[in-house]
1. Which condition breaks for A:ASN70 when tested against (1) farther than 30 Å from B:THR313 by Cα; (2) outside any strand (DSSP E or B)?
2. Show the residue pairs meeting these rules: Cβ distance below 8 Å; 6+ apart or different chains; first residue within the range B:183-209 and without any contact (Cβ under 8 Å) to a residue 24 or more places away in the chain; second residue outside any helix (DSSP H, G or I).
3. How about the range B:280-318: which of its residues are out of contact with any helix residue (DSSP H, G or I) (no Cβ under 7 Å at 6 or more places or on another chain) and within 14 Å of chain A (Cβ to nearest Cβ)?
4. Which residue out of B:GLY163, B:GLY141 is in the same structural domain as B:ALA305 (by TED's automatic domain parsing), of a type outside the set (A, V, I, L, M) and more than 18 Å from B:MET315 (Cα to Cα)?
5. Has the range B:31-45 got at least one residue that is of a type outside the set (S, T, N, Q), farther than 22 Å from B:GLU107 by Cβ and away from chain A (no Cβ under 14 Å)?
6. What number goes with the only condition from (1) of a type in the set (A, V, I, L, M); (2) without any contact (Cβ under 8 Å) to a residue 40 or more places away in the chain; (3) more than 14 Å from chain B (Cβ to nearest Cβ) that A:ALA39 does not pass?
7. Considering only the range B:114-173, state which residues are outside any loop (DSSP other than H, G, I, E, B) and either on the phi > 0 side of the Ramachandran plot or among the small types (Gly, Ala, Ser) (or both).
8. Please count how many residues of the range A:65-84 are at pLDDT 90 or above and buried (at least 18 other Cβ atoms within 10 Å of the Cβ).
Amino acid sequence: MSTQNNILEALEKLKEHLMPFTEHRPIMIGIHSGGVWVAEKLHSQLNLKDPLGTIDISFYRDDFSRVGLNPTVRGTHLPTSIEDRHIILVDDVLHTGRTVRAALNELFAYGRPLSVTLAVLLERDGRELPIQADIAGIHMNLGNEHYIKLTGPEPLALTLLEP
Amino acid sequence: MTDTDIQFDKSGALRHFLTVEGLPRDILTSILDSAETFLGLGQREIKKVPLLQGKTVVNLFFEPSTRTRTTFEIAAKRLSADVITLETSRMSTTKGETILDTLNTLEAMHTDMFVIRDSFSGAAHLISTHVPAHVSIINAGDGRHAHPTQAMLDAFTIRRHKGDFSNLRVAIIGDILHSRVARSQIHALNILGVPEIRVIAPQTLLPNQIKRLGVHPYYDIEKGLDGVDVIIVLRLQLERMEGQLIPSDREYFRFYGLTPERLSGARPDALIMHPGPINRGLEIASSVADGEQSVILEQVTNGIAVRMAIMATLMGRQSPSPREAD
């Protein structure tokens, strides 16, 4: 169900909406792995000064006691201090909101940002926490029947899956 | 049931960390990989992650220790666990009865993990057969038998500097006979694929059957160190020796001490390691211990990350709730 055009349009929309933010010299941070792929595209298109940061939420997942320690933890790498900086947090799909909750926890272990703006490629229904995207490229309602997943990094594609 | 089997729960997940012996390589490698990420935590503002939040870890140290005990405490605290340390210098002459009494009391306090050090070989194994299904045991050193977390942190340190295990010559110098560290190191390095492991010691400090472990014994330190990539110096376990196994401290240093002259026979980039605490001028010269090739202090830092990785691995299995039967 995915088309390259849908994704390109969504990225274009994100870029347009994020452009006004660039005057605040934000740090862009992508959430592994899909969020990083999306952030890489946006980061170069927006020509941000600070290098792209990446977050790995493995230590803050709320399902640790059920799924255990992920041995392929890539780790969080922030190019610079986030203290008193504006952050653009990027993820691929916003669904329950748990990933973003974990990402915020991970982020705040590094310092205190001035603000965090959430940009997602696709936001769908099914929120389990009070978390919303500030900017979303695509909006979709899928119910409980399907999951949607971003594959990548090249080419980026959205795939619909049965649970 | 062997020591190794008992380390796994019914679904095949690692539940206890009692010995490295018999563990598959991929388990060791995944612990080393996880430790790499935990090492990175040291750069954060808040050096804590919530993985063990709400869990209770009890350190039972029936044998004195400062370094190991402290690093286990720090590791558990950085994982957000609640930590209690009990230290008693009880000699377990009753072969475990006293330990089990203590254990029953602690279980009633809903402990999730015990880290155990005891002077009796097999203590951790014994305890692991008596705890409920949701409880994990880590062996912090049992008699002469094993010190698996030390072996892991040593392997981690070697990997960080040398990368690939498959090309290395590693020499272990010292009191191999009494050393649980040496035994665990030999097992770990074998499993990780180190092609040549040498042990260097006077005959009185080498176990008779040492070659069975796949190592090469040397009584001559100069020959033993020739072309070596990693040198692990062990402490003389003076408190464990009965009878005159070495003539004197000075004699030992004269023949087996790691001096700068002897070091020059090894490769120029050879790593110097020691599990600590070091006896300066006994098994190692001060200048070598403090020299550029020494990673002795780094081992301590790495010990925290590796112990975090082991604790997180054990606690991260799908554990049955305390009420489920084993």
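The values are calculated or read from the model by the stated rules, or taken from the named source; none is laboratory data. Given the structure is predicted, the values throughout are model-derived calculations rather than measurements. FYI the Cβ positions are ideal-geometry reconstructions off the backbone, even for glycines, and counts take in every protein chain you see.
1. Every listed condition holds for A:ASN70 apart from (1).
2. These pairs meet every condition: B:GLN203/B:TYR219.
3. B:LEU314, B:ARG317
4. Numbers: B:GLY163 fails: in the same structural domain as B:ALA305 (by TED's automatic domain parsing).
The unique qualifying residue is B:GLY141.
5. Filtering the range B:31-45 down to residues of a type outside the set (S, T, N, Q) leaves B:31-33, B:35-36, B:38-42, B:44-45.
Narrowing the set further to residues that are farther than 22 Å from B:GLU107 by Cβ leaves B:31-33, B:35-36, B:38-42, B:44-45.
Add one more test, that the residue is away from chain A (no Cβ under 14 Å), and what stays is none.
Checked against the condition, which is being of a type outside the set (S, T, N, Q), farther than 22 Å from B:GLU107 by Cβ and away from chain A (no Cβ under 14 Å), the range B:31-45 yields no hits at all.
6. A:ALA39 satisfies every listed condition except (2).
7. Restricting attention to the range B:114-173, the residues satisfying the condition of being outside any loop (DSSP other than H, G, I, E, B) are B:114-118, B:123-128, B:136-142, B:146, B:148-162, B:165-167, B:169-173.
Scanning the range B:114-173 gives B:ALA123, B:ALA124, B:SER128, B:SER136, B:ALA140, B:GLY141, B:ALA146, B:ALA151, B:ALA155, B:SER166, B:ALA171.
8. Residues that pass the stated criteria total 2.
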